[in-house]
Amino acid sequence: MAYGFDTLQIHAGARPDPATGARQVPIYQTTAYVFRDAEHAAALFNLQEVGYIYSRLTNPTVAALQERVATLEGGVGAVCCSSGHAAQIMALFPLMGPGLNVVVSTRLYGGSITQFSQTIKRFGWSAKFVDFDDLDAIAAAIDDDTRAVFCESIANPGGYITDLDAVAKIADTAGVPLIVDNTSATPYLCRPIEHGATLVVHSMTKYLTGNGTVTGGVVVDSGNFNWSASDKFPSLSAPETAYHGLKFHETFGPLAFTFHSIAIGLRDLGMTLNPQAAHYTLMGIETLSLRMERHVQNAEKVAGWLESHPAIEAVTYAGLASSPYHDRVARICPKGAGGLFTIALKGGYDACIRFVDSLELFSHVANLGDTRSLVIHSASTTHRQLSPEQQTAAGAAPNVVRISIGIEDAEDIIADLDQALSKANG
Ligand SMILES: *Cc1c(COP(=O)(O)O)cnc(C)c1O
């Protein structure tokens, strides 16, 4: 029987604990698991039998979460990681190598821009930044050394919706996987695999956990990519020297990427999610659809109110009829454009600083996707490391404030913004 989303967000991956009957997924706070005998141990290490060895690789609480997120995204498997940024490295790791590149959207979370433009160079990888509204530019940027295309579905800091179907087609024609960061949308609002994504990554720190308690990430594998169609992905298609010559694609078929990420990625990079964090995230996901519905409802009300406020120059919410990306909402995220957007203040940088300092209900924090309404002035914080051109391209110009609308009463959110805007204009 095919259950609906609301049922799966509660039940997928969870079954009564075989030892105790515990209904909620227990926190398996253990590092290691006793082998039945030496033969069992050898079979586990040979990946001939799937089971638990050591919690850097696998843990039952984390496994339940992996199955839940994979189910909600429509993937065949998933690998949880210690953060969203860890998930991005884990997604690229089996695909990349020195001298190879990834083609990425200019509209990304600020931390991702730094990770891709600076830090991955240490591995000999590089990123080519392209405006993803220019489809010809994406195709032109892909060269013989490109091993992935990377973008966000609803791009942080909000208001931009990627035409995933069109981008997936370009990646497919070039024979490289499309990786979609679905953090801002969540699988409730957008299911990138249905639009052609090969891998989906999340910062579970945000809406999936939903209340600002956990740092976590996940890579979901669609199982749809033919890693053996070319010689571009030898870690998956050819004998993997890091696992005594095992051919992952031949051995595990559609689960090749997932098994590689556990057997080699987690084993050697060690970016593991801990079971306590997995438990919090499992609990958060149980109410994902309810929260996202309210985030969207509130964001639509608040964005509409802000748009007509005299102190506001622009509101980027794609849920507004005035947004250039409004048409894509119905196709890419039919249940709404999320809870995240930016506003530009007519008063510029100084008004932004007075505005964030005057808010009372909103918290000024470097986070988003919380039950609480949050705000940040990106140019002086998260996007500080970027050049002014990069800031503007990423939607974080000096007069722009990012808002993450919570699930409080919309009237209270609006009242707080109203009094802070009055103070900002002095
Ligand atoms: C927060 C965020 C990340 C990074 O996730 P962490 O859990 O903070 O490492 C990546 N992408 C997007 C869209 C994010 O919002």
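The values are calculated or read from the model by the stated rules, or taken from the named source; none is laboratory data. Everything quoted here is computed from the prediction, not taken from an experiment. Cβ: placed from backbone, ideal geometry, glycine included. Neighbour counts: every protein chain shown. Accessible surface is based on the protein model in full, side chains and every heavy atom, while ligands, DNA and RNA are left aside. Shrake-Rupley method; radii C 1.70, N 1.55, O 1.52, S 1.80 Å.
In this entry, R402 passes the filter for residues that are charged (D, E, K, R), touching a helix residue (DSSP H, G or I) at 6+ places or on another chain (Cβ under 7 Å) and under 14 Å from G158 (Cβ atoms).
Comparison of A256, A278 shows that the only residue that is within 15 Å of the ligand (Cβ to nearest atom), among the aliphatic types (A, V, I, L, M) and assigned to a helix (DSSP H, G or I) is A278. Taking D231 as the residue in question, decide whether it is closer than 23 Å to T146 by Cα, among the charged types (D, E, K, R) and surrounded by 19 or more Cβ atoms within 10 Å (Cβ to Cβ). Here the answer is no, as D231 does not meet what is asked.
Does segment 68-91 hold any residues that are away from the ligand (no atom under 16 Å from the Cβ) and either closer than 18 Å to G253 by Cβ or in contact with a Ser or Thr (Cβ under 7 Å, 6 or more places away or on another chain) (or both), and which are they?
A70, G74, G75, V76, G77
Of the residues making up segment 11-29, those that are of a type in the set (A, V, I, L, M, F, W, C) and surrounded by 15 or more Cβ atoms within 10 Å (Cβ to Cβ) are A12, A14, V25, I27.
Table: residues versus (1) on the phi > 0 side of the Ramachandran plot; (2) surrounded by fewer than 22 Cβ atoms within 10 Å (Cβ to Cβ); (3) modelled with pLDDT of 95 or more; (4) more than 12 Å from the ligand (Cβ to nearest atom).
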site: L135; (1), (2), (3), (4): no, yes, yes, yes
site: D143; (1), (2), (3), (4): no, yes, yes, yes
site: R147; (1), (2), (3), (4): no, yes, yes, yes
site: I154; (1), (2), (3), (4): no, no, yes, no
site: D165; (1), (2), (3), (4): no, yes, yes, yes
site: D181; (1), (2), (3), (4): no, no, yes, no
site: P192; (1), (2), (3), (4): no, no, yes, yes
site: A197; (1), (2), (3), (4): no, no, yes, yes
site: L208; (1), (2), (3), (4): no, no, yes, no
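Here A32, A63 are screened, and the one residue that is in contact with a Phe, Trp or Tyr (Cβ under 9 Å, 6 or more places away or on another chain) and open to solvent by less than 40 Å² (accessible area, probe 1.4 Å) is A63. List the number of the failed condition for G304; all other conditions in (1) in a helix (DSSP H, G or I); (2) in the same structural domain as N182 (by TED's automatic domain parsing) hold. Exception for G304: condition (2). Considered as a group, the residues in segment 92-113 that are part of a helix (DSSP H, G or I) and within 11 Å of the ligand (Cβ to nearest atom) include one that is most open to solvent (accessible area, probe 1.4 Å), and that residue is G111. Just give me the residues in segment 234-251 being of a type outside the set (D, E, K, R), in contact (Cβ under 8 Å) with a residue 12 or more places away in the chain and surrounded by 16 or more Cβ atoms within 10 Å (Cβ to Cβ), in sequence order. Listed by number, the residues that qualify are S235, L236, S237, Y243, L246, F248, H249.
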